[in-house]
Amino acid sequence: MTSRNLSRRAMLKTAGAGAVAAVAARGVAAGNVISAAIVGQKPIRISDIKATPLKTGTVIVQVFTDAGVVGIGECSPMNTAVVAGFVNTALRPLLVDQNPLGIDVLWNKMMFKTYKLGPQGAQPEAIAGVDIALWDILGKVTGQPIHMLLGGCYRDVVQLYASIGGGGDIQPERMVKRVEDALANGFKAVKIRMDWGPMRQDRDPGKDLEMYRQVKAAAGNGVLVGFDANNGYSVSTAIRQGRKFEELGIYHYEEPVAQFDYAGLAQVADALDVPVAAGEHEYTRWQFRDLILEGKIDIIQPDVVKCAGISECWKIAVLGSTFNKMFVPHQTQPTIGTVANIHICAALPNADRPQEYGGAKPELDEIFVEPPVVEKGMMRVPSKPGLGLEIVDAKLKKLAV
């Protein structure tokens, strides 16, 4: 072999490495993740995974790597001890020593190796925290915010709506005060939630209607007002209420009937002109397929900290777009969950409607170097790599249960 050949081969190797590194610097498409951060280096590996329940009723996930890059995620907090235990005992052993950049491979491993532990509830909620952290790592390795890894940014700022709950257990006047407080903070869209649940069906629809009427009057014509029955109506009541809400100019009508009653949901959607929304009780694209086809809803509402993370939430969004459905995710976690949701919405052309925001938790904000900021009902899409959030470890430990 001549020195000329050696020189040429070395040159090509260097050029190839430089080209891949340049691609990594610009970001990579979600379906074409490189297996190593830079050609010629040993692939990055997961060294540990830890889920930490906090006193705020939050579950934070950290995925550590041998390269020193740490990704953060969040799980739905329905039962913090159970979900954190699922991450630490069921998912961690599957992923340690794996390449964190192979997100789709790892997602399928987590889903189908633990599938019999339940694809509705703790299992996808636990996967969500890990998956979000993996996307955070990918962003940090490539130097790109997550929305760019998903394909780009359609909007730099996302409008939020104030999501205000507890309506079933309070009088209309108190709900009006809560809405007025949100409007005073600059929100131009609100949703009032009844939190009835299917076990309290048709408990007090007259009060619900009066509450909506008073809130709409207080908000005025320039404010969008939605209503969430939280699965609390029978089909006939839902239709009757919906027609009255339509007359009052409702923005969207959420979960009018029990979450398992797709046939009833379809009856409501067919009977009304107002957009009917559902999806916080569905956890995978397969369930959303059935919800769309059988429930005939207008707005899909996956929750990124429930539906197995950014990977699955993105697939649900794409599925919904093939049916021309509006995308307004459910989201009540104000830090990582909201920021992950903002990245997804920024990367979708059909996510122009206001997105859910349940209000800040100041104690939780303390664990972040720079917590998410909401100004006048708006959140700027993060531009830093990954989620754009960093955790202060000492403060996380202090807030841990």
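Given the options Arg203, Arg243, name the one that is outside any strand (DSSP E or B), among the basic types (Lys, Arg) and more than 23 Å from Arg178 (Cα to Cα).
Values: Arg203 fails: more than 23 Å from Arg178 (Cα to Cα).
The match here is Arg243.
Is it fair to say Phe323 is of a type outside the set (D, E, K, R), in contact with a Ser or Thr (Cβ under 7 Å, 6 or more places away or on another chain) and either free of Cβ contacts under 8 Å to residues at least 40 places away in the same chain or in the same structural domain as Asn108 (by TED's automatic domain parsing) (or both)? Let's see the steps before the verdict.
On the way: of a type outside the set (D, E, K, R): yes; in contact with a Ser or Thr (Cβ under 7 Å, 6 or more places away or on another chain): no; either free of Cβ contacts under 8 Å to residues at least 40 places away in the same chain or in the same structural domain as Asn108 (by TED's automatic domain parsing) (or both): yes.
Against the criterion (of a type outside the set (D, E, K, R), in contact with a Ser or Thr (Cβ under 7 Å, 6 or more places away or on another chain) and either free of Cβ contacts under 8 Å to residues at least 40 places away in the same chain or in the same structural domain as Asn108 (by TED's automatic domain parsing) (or both)), Phe323 does not qualify.
Mind checking which residues of the range 322-334 are surrounded by fewer than 24 Cβ atoms within 10 Å (Cβ to Cβ) and either more than 18 Å from Ser163 (Cβ to Cβ) or in contact with a helix residue (DSSP H, G or I) (Cβ under 6 Å, 6 or more places away or on another chain) (or both)? Reasoning before the result, please.
From the range 322-334, those surrounded by fewer than 24 Cβ atoms within 10 Å (Cβ to Cβ) are 322-326, 332, 334; that's our starting set.
Residues satisfying the conditions are Thr322, Phe323, Asn324, Lys325.
Kindly indicate the residue of the range 139-173 that is aliphatic (A, V, I, L, M) and over 26 Å from Asp352 (Cβ atoms) and also farthest from the chain's Cα centre (by Cα) among those meeting that condition. Before you say what the answer is, go through the steps one by one.
Keep residues of the range 139-173 that are aliphatic (A, V, I, L, M), which gives 141, 146, 148-150, 157-158, 160, 162, 164, 170.
Still in the list and also over 26 Å from Asp352 (Cβ atoms): 141, 170.
Working: Val141: 22, Ile170: 28 Å.
So, considering only residues that are aliphatic (A, V, I, L, M) and over 26 Å from Asp352 (Cβ atoms), the one farthest from the chain's Cα centre (by Cα) is Ile170.
Does Tyr283 count as at pLDDT 95 or above and assigned to a loop (DSSP other than H, G, I, E, B)? Outline the logic, then answer.
Numbers: at pLDDT 95 or above: yes; assigned to a loop (DSSP other than H, G, I, E, B): yes.
Judged against the criteria, Tyr283 is a match.
Considering each of Leu272, Leu265, Leu293, Leu319 in turn, give the residue that is surrounded by 24 or more Cβ atoms within 10 Å (Cβ to Cβ) and not acidic (Asp, Glu). Step through it out loud before you land on a result.
Values: Leu272 fails: surrounded by 24 or more Cβ atoms within 10 Å (Cβ to Cβ); Leu293 fails: surrounded by 24 or more Cβ atoms within 10 Å (Cβ to Cβ); Leu319 fails: surrounded by 24 or more Cβ atoms within 10 Å (Cβ to Cβ).
Unique residue meeting the criteria: Leu265.
Give me the residue from the range 194-211 that is under 27 Å from the mean Cα position of the chain (by Cα) and either touching a residue at least 60 places away in the same chain (Cβ under 8 Å) or buried (at least 22 other Cβ atoms within 10 Å of the Cβ) (or both) and, out of that set, nearest to Glu247 (Cα to Cα). Break it down stepwise before answering.
First, the residues of the range 194-211 that are under 27 Å from the mean Cα position of the chain (by Cα): 194-199.
Checking which are either touching a residue at least 60 places away in the same chain (Cβ under 8 Å) or buried (at least 22 other Cβ atoms within 10 Å of the Cβ) (or both) leaves us with 194, 196, 198.
On the way: Met194: 20, Trp196: 23, Pro198: 26 Å.
The selected residue is Met194.
Taking Gln123, is it under 25 Å from Gly279 (Cα atoms), in contact (Cβ under 8 Å) with a residue 12 or more places away in the chain, under 17 Å from the mean Cα position of the chain (by Cα) and not in a helix (DSSP H, G or I)? Explain how you work it out, then say what you get.
On the way: under 25 Å from Gly279 (Cα atoms): yes; in contact (Cβ under 8 Å) with a residue 12 or more places away in the chain: yes; under 17 Å from the mean Cα position of the chain (by Cα): yes; not in a helix (DSSP H, G or I): no.
Taking the combined requirement at face value, the residue does not satisfy it.
Please specify each residue of the range 53-93 satisfying the condition of being crowded, with 24+ Cβ neighbours inside 10 Å and not aliphatic (A, V, I, L, M).
Listed by number, the residues that qualify are Thr58, Gly71, Gly73, Glu74, Cys75, Ser76, Phe86.
Determine which single condition Gln159 fails, assuming it passes every other condition in (1) part of a strand (DSSP E or B); (2) touching a Leu at 6+ places or on another chain (Cβ under 7 Å).
Going through (1) part of a strand (DSSP E or B); (2) touching a Leu at 6+ places or on another chain (Cβ under 7 Å) one by one, Gln159 breaks only (2).
Any idea which of Ala360, Ala400 is of a type in the set (A, V, I, L, M), farther than 25 Å from Leu150 by Cα and out of contact with any strand residue (DSSP E or B) (no Cβ under 8 Å at 6 or more places or on another chain)?
Working: Ala400 fails: out of contact with any strand residue (DSSP E or B) (no Cβ under 8 Å at 6 or more places or on another chain).
The unique qualifying residue is Ala360.
Being crowded, with 20+ Cβ neighbours inside 10 Å and more than 21 Å from Val87 (Cβ to Cβ) is the requirement here; does Ala340 meet it?
Values: crowded, with 20+ Cβ neighbours inside 10 Å: yes; more than 21 Å from Val87 (Cβ to Cβ): no.
Judged against the criteria, Ala340 is not a match.
Can you name every residue in the range 94-131 that is surrounded by 15 or more Cβ atoms within 10 Å (Cβ to Cβ) and in contact with a Ser or Thr (Cβ under 7 Å, 6 or more places away or on another chain)?
Asn99, Pro100, Leu101, Gly102, Ile103, Trp107, Pro119, Gln123, Pro124, Glu125, Ala128, Asp131, listed by residue number.
Name the single residue that is nearest to Ile367 (Cα to Cα) among those in the range 381-401 being in contact with a Leu (Cβ under 8 Å, 6 or more places away or on another chain) and part of a loop (DSSP other than H, G, I, E, B). Reasoning before the result, please.
Step one: of the range 381-401, the residues in contact with a Leu (Cβ under 8 Å, 6 or more places away or on another chain) are 382, 386, 396, 399-401.
Filter once more, so that each one left must be part of a loop (DSSP other than H, G, I, E, B): 382, 401.
On the way: Pro382: 18, Val401: 14 Å.
Restricting to residues being in contact with a Leu (Cβ under 8 Å, 6 or more places away or on another chain) and part of a loop (DSSP other than H, G, I, E, B), the top hit is Val401.
Determine whether Lys376 is outside the structural domain of Ala277 (by TED's automatic domain parsing), among the charged types (D, E, K, R), surrounded by fewer than 16 Cβ atoms within 10 Å (Cβ to Cβ) and more than 27 Å from Ile103 (Cα to Cα).
On the way: outside the structural domain of Ala277 (by TED's automatic domain parsing): no; among the charged types (D, E, K, R): yes; surrounded by fewer than 16 Cβ atoms within 10 Å (Cβ to Cβ): yes; more than 27 Å from Ile103 (Cα to Cα): yes.
It is false that Lys376 is outside the structural domain of Ala277 (by TED's automatic domain parsing), among the charged types (D, E, K, R), surrounded by fewer than 16 Cβ atoms within 10 Å (Cβ to Cβ) and more than 27 Å from Ile103 (Cα to Cα).
For the range 360-368, indicate whether the set of residues that are closer than 20 Å to Glu255 by Cβ and not in a loop (DSSP other than H, G, I, E, B) is non-empty. Steps first, please.
The first filter runs over the range 360-368 and keeps only residues closer than 20 Å to Glu255 by Cβ, leaving none.
For the range 360-368, residues closer than 20 Å to Glu255 by Cβ and not in a loop (DSSP other than H, G, I, E, B): absent.
Under 6 Å between Cβ atoms, at least 6 apart or on separate chains: pull out the pairs that start in the range 145-172 with a residue that is under 30 Å from Gly206 (Cα atoms) and end on any residue that is in a helix (DSSP H, G or I) and of a type in the set (Asp, Glu).
Pro172/Glu210
Checking Cys153 against (1) surrounded by 24 or more Cβ atoms within 10 Å (Cβ to Cβ); (2) hydrophobic (A, V, I, L, M, F, W, C); (3) within 20 Å of Lys315 (Cβ to Cβ), which single condition isn't satisfied?
Result: Cys153 passes all but (1).
The values are calculated or read from the model by the stated rules, or taken from the named source; none is laboratory data. Just so you know, these numbers come straight off a predicted model, no measurement behind them. A quick note on method: Cβ atoms are made from the backbone with ideal geometry, for glycine too, and the neighbour counts reach across all protein chains shown.
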